[in-house]
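Taking it in order: structure first as structure tokens, then the write-up.
The values are calculated or read from the model by the stated rules, or taken from the named source; none is laboratory data. Predicted, not measured: the structure shown is a model, and the values here were computed from it. Please note: Cβ atoms are built from the backbone with ideal geometry, for glycine as well, and neighbour counts cover all protein chains shown.
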Amino acid sequence: MARPGYYTLIGQTPVACDDLLEWARWFETVERRVRLTRVGPYFISTVFLGLDHQWGQGPPILFETMIFIEGCAGDHHSFLDYQTRTSTWLEAERDHARAVAAIHENSRDTVEQLYPPVAEMEGEQV
């Protein structure tokens, strides 16, 4: 039996979706960002992919953390060779925090949480 390829989120929980049109309508309108943090010229972005990126056995791979650097390619953000993918929201938050810590350790630039806004994060445990 084939595993589902499309997923939506209910809160922070991925839910398989068998209907492509339903998934597409959801995907067009939802905020999929888990976190976005700026450390100096670096942007650490963690998002819900909505598509299973698991190409073998194991749980679906649904979240991705990447690091970009501002101004590396003209006025655009260029991808640094960093990417992690995970199955759950909590794993995605953990990988995001690790990426922020690695950049901050090496740059000593100020860490600025861009998404979610700091007011939304009060009381959260990450």
Open item on the list: Looking at the range 1-30, I want the residues that are over 14 Å from LEU51 (Cβ atoms) and have a partner that is outside any loop (DSSP other than H, G, I, E, B) and not β-branched (Val, Ile, Thr) with Cβ atoms under 6 Å, at least 6 apart or on another chain. Which pairs are those?
Closed with: GLN12/TRP89
TODO: Could you check LEU36 against (1) surrounded by fewer than 18 Cβ atoms within 10 Å (Cβ to Cβ); (2) closer than 20 Å to HIS104 by Cβ; (3) free of Cβ contacts under 8 Å to residues at least 60 places away in the same chain and say which number it fails?
DONE: (3)
Open item on the list: Go through the range 83-126 and report how many residues are of a type in the set (Val, Ile, Thr) and modelled with pLDDT under 85.
Closed with: 4
Task: Looking only at the range 1-41, and only at residues there that are farther than 18 Å from PRO59 by Cβ and in a strand (DSSP E or B), the one that is farthest from the chain's Cα centre (by Cα) - done: VAL39
Open item on the list: Given the options LEU9, LEU20, LEU80, LEU49, name the one that is under 14 Å from VAL100 (Cα atoms) and either modelled with pLDDT under 95 or surrounded by 14 or more Cβ atoms within 10 Å (Cβ to Cβ) (or both).
Closed with: LEU80
